[in-house]
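First comes the structure, then the notes that go with it.
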Amino acid sequence: MLEELKKHVIFDRKIVASITKDDSYAGLLLHRLKKSGQIMEIERDRYTVHNDAFLIASRISWPSYISAWSALRYHNLTEQLLQAIWVVTPRKRRNTLVLFAGTEIRFITALPRHLFGYDKVELRGFEIFVADPEKSIIDSLLFKKASVSEVSSLIANNLRSLRTAKLLDYAIRTGSVPVIKRTGFLLEKAGIPVRKRVARYLNAPYLPLEYNLPATESRSNRDWKILENVVL
């Protein structure tokens, strides 16, 4: 039974019943396996034998993908230790936090049109879904999971590996003017001229560059209609 269950990243009672051919016995078997520690419960009627939060994170809700700092760490764009695994999904969940194997798995509810820029990758013989480097950065800005200062450093430190044109394309695709303006500003700060490409978005009202800080005593950037409330 355990060998069969190892073939699944996550399984439920229905899958166990399909193996045992007996639904009532499936419930008893799950109880015994959980009690003996041979399987782990992720949430109600969701189990696994794999003690790896990163492996199961994008399989709990469907569709979904790992993004923000978690994906940036996966792509080796940052050495920052993970505080949580961030998962983007269009599905509204009652529980936006799942604790598994001592790791927090946190869910971000996104609009369906924001589900793009992720890839199917292999991990330990299974397929998981992870945002590509550029979408990981855009999601960090879109869902405010990293400060603008942190994103600025990420871009500056990884200019050789990042596809900057794709980064701006993704920002525009979100349809979020604040994300477009902040991304464009950070790219120009890093020496990539992009203002002409986003000129039509720059008539929007002024917005603070760093959303985590007040805009008082900030410098007005007329080109970008941004209040520079942080020094980059």
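A quick yes/no check of all residues on (1) within 21 Å of R163 (Cα to Cα); (2) out of contact with any helix residue (DSSP H, G or I) (no Cβ under 9 Å at 6 or more places or on another chain); (3) modelled with pLDDT of 95 or more:
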| residue | (1), (2), (3) |
| --- | --- |
| Y65 | yes, no, yes |
| Y74 | yes, no, yes |
| Q80 | no, no, no |
| V87 | no, no, yes |
| L97 | no, yes, yes |
| K120 | yes, yes, yes |
| V130 | yes, no, yes |
Review point. For D52, are the conditions met, namely being of a type outside the set (A, V, I, L, M, F, W, C) and over 22 Å from R124 (Cβ atoms)?
Key: no
Review point. Can you name the residue in segment 195-229 that is without any contact (Cβ under 8 Å) to a residue 60 or more places away in the chain, part of a loop (DSSP other than H, G, I, E, B) and touching a Ser or Thr at 6+ places or on another chain (Cβ under 8 Å) and, of all such residues, is farthest from S152 (Cα to Cα)?
Key: Y206
Exercise for review: For segment 144-164, enumerate the residues that are within 17 Å of W86 (Cα to Cα) and either in a helix (DSSP H, G or I) or of a type outside the set (A, V, I, L, M) (or both).
Suggested key: K144, K145, S147, E150, V151
Point to revise | The lone exception for K120 - which of (1) without any contact (Cβ under 8 Å) to a residue 24 or more places away in the chain; (2) farther than 24 Å from Q80 by Cα; (3) exposed (fewer than 15 other Cβ atoms within 10 Å of the Cβ) it fails | key: (2)
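The values are calculated or read from the model by the stated rules, or taken from the named source; none is laboratory data. From a predicted model like this one, the values you see are computed outputs, not experimental measurements. Cβ sites come from the backbone with ideal geometry, for glycine too, and all protein chains shown count toward neighbours.
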